[in-house]
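The next block holds one structure in the form of structure tokens; read it before the comments.
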Amino acid sequence: MSRVGALLLGLVAALALLGPLLVAADPNAQDLLRTLEPPSATHPLGTDHVGRDVLARLAHGALRSLGIAVGCVAGAATLGVVLGLVAAQAGGWRDTLVMRLSDLMLAFPGILLALLLAGFLGGGVLPMLIGLKLTLWPQFARMARNVGLGVLGSAHVEAAQLAGFPARTILARHVAPPVLRQVMVLASLGVGAAVMSISALGFLGLGLQPPTPEWGAMVSELLPYLSEAPVQMAAPCLAILLTVLGFTLLGEAWSARAA
């Protein structure tokens, strides 16, 4: 599964990194005389309802969708791991506070919280980043706390504590490595979930604002023309599917190895 996931993500990464360089067309350039054209040598995936090159928009949208998703998960993982390790190390009211706060965040459906923030703040990148980080960090905090408690209760860590090693050294040498292994699993699954959430917000018009190319917004724009332009409609849908599938397969493979 890891090879299949890595292959799928490699294709998506190549589209995101090399696509904007290889596809010469401007993703926002409109040509109302060439709307909904089928795939051709000039436009390999055809054109959309206002004559924009679908392949160019798909490539530029890949860079944005993946970049925002990775940024959201990186921020959520950093915040969650720090809070989880603080809860495991300090215990007491700090542990209770972090866990109750994570319970509160988990009580809200993730996409609903992102929708509320994006709706109140008018959409765009910043509300989307904040909303997705708030929905993802509790998973990392709980994982870091549970792993940290298990490691801190082990015999070799207790020996290190009795020997007078500072808490910072113990966390860096003994707790951080197993936590980071689990972070990789959660992060891979989290990026897939973030791509889905970003696409959903874009589909609803609460993500990146037009004419910025983004996969979810492309699906929303082309949906009324499904019967006339099935290839153009299928392109962003397939990109979302392959990206989420790739991250899911990779995360499951890492999870099996970590176990």
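For region 153-213, list the helices (runs of 4 or more DSSP H) that sit wholly inside it and hold at least 3 residues that are in contact (Cβ under 8 Å) with a residue 12 or more places away in the chain and under 26 Å from Leu126 (Cα atoms); which are they?
Result: 176-203.
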Filter result for Phe140 (exposed (fewer than 15 other Cβ atoms within 10 Å of the Cβ) and touching a helix residue (DSSP H, G or I) at 6+ places or on another chain (Cβ under 8 Å)): no
Given the criterion of a type outside the set (Ser, Thr, Tyr), touching a helix residue (DSSP H, G or I) at 6+ places or on another chain (Cβ under 8 Å) and closer than 30 Å to Leu134 by Cα, identify the matching residue among Leu11, Leu55. Leu11
So in region 134-169, with the set limited to residues that are among the small types (Gly, Ala, Ser) and at pLDDT 80 or above, which one is nearest to Leu106 (Cα to Cα)? Ala141
Give me a count of the residues in region 143-183 that are open to solvent by 60 Å² or more (accessible area, probe 1.4 Å), within 30 Å of Ser197 (Cβ to Cβ) and out of contact with any helix residue (DSSP H, G or I) (no Cβ under 7 Å at 6 or more places or on another chain). 2
Could you grab me the full set of residues in region 19-60 that are free of Cβ contacts under 8 Å to residues at least 40 places away in the same chain, outside any loop (DSSP other than H, G, I, E, B) and not charged (D, E, K, R)? Leu21, Leu22
Within region 1-24, count every residue that is open to solvent by 40 Å² or more (accessible area, probe 1.4 Å) and not small (Gly, Ala, Ser). 10
Which condition number does Leu186 fail, the rest of (1) open to solvent by less than 70 Å² (accessible area, probe 1.4 Å); (2) farther than 18 Å from Ala74 by Cα; (3) touching a helix residue (DSSP H, G or I) at 6+ places or on another chain (Cβ under 9 Å) being met? (2)
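Please tell me if Thr243 is over 21 Å from Gln182 (Cβ atoms) and outside any helix (DSSP H, G or I). Full working, then the answer.
Working: over 21 Å from Gln182 (Cβ atoms): yes; outside any helix (DSSP H, G or I): no.
No; evaluated as a whole, the condition is false for this residue.
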In region 25-63, anything under 13 Å from Pro213 (Cβ atoms), small (Gly, Ala, Ser) and surrounded by fewer than 16 Cβ atoms within 10 Å (Cβ to Cβ) is listed as Ala29
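I'm checking my understanding of the structure. Among residues of region 201-243 that are β-branched (Val, Ile, Thr) and open to solvent by 30 Å² or more (accessible area, probe 1.4 Å), which one is modelled with the lowest pLDDT?
Step one: of region 201-243, the residues β-branched (Val, Ile, Thr) are 212, 219, 231, 240, 243.
Adding the requirement that they be open to solvent by 30 Å² or more (accessible area, probe 1.4 Å) leaves 212, 231.
On the way: Thr212: 86, Val231: 93.
Looking at residues that are β-branched (Val, Ile, Thr) and open to solvent by 30 Å² or more (accessible area, probe 1.4 Å), I get Thr212.
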Please work out which residue is nearest to Val231 (Cα to Cα), limiting yourself to region 64-74 and to residues that are in contact with a helix residue (DSSP H, G or I) (Cβ under 7 Å, 6 or more places away or on another chain) and surrounded by 17 or more Cβ atoms within 10 Å (Cβ to Cβ). Ser65
Please work out which one of (1) at pLDDT 90 or above; (2) part of a loop (DSSP other than H, G, I, E, B); (3) of a type in the set (A, V, I, L, M, F, W, C) is the condition Val12 fails and give its number. (2)
Counting just the residues of region 75-113 that are closer than 22 Å to Leu208 by Cβ and in contact (Cβ under 8 Å) with a residue 40 or more places away in the chain, which one comes out least open to solvent (accessible area, probe 1.4 Å)? Ala76
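The values are calculated or read from the model by the stated rules, or taken from the named source; none is laboratory data. If you're wondering where the values come from, they're calculated on a predicted model, not measured in any experiment. Virtual Cβ from ideal backbone geometry, glycine too; neighbours counted across all protein chains shown. SASA here: full protein model, heavy atoms, side chains in, ligands and nucleic acids out. Shrake-Rupley method; radii C 1.70, N 1.55, O 1.52, S 1.80 Å.
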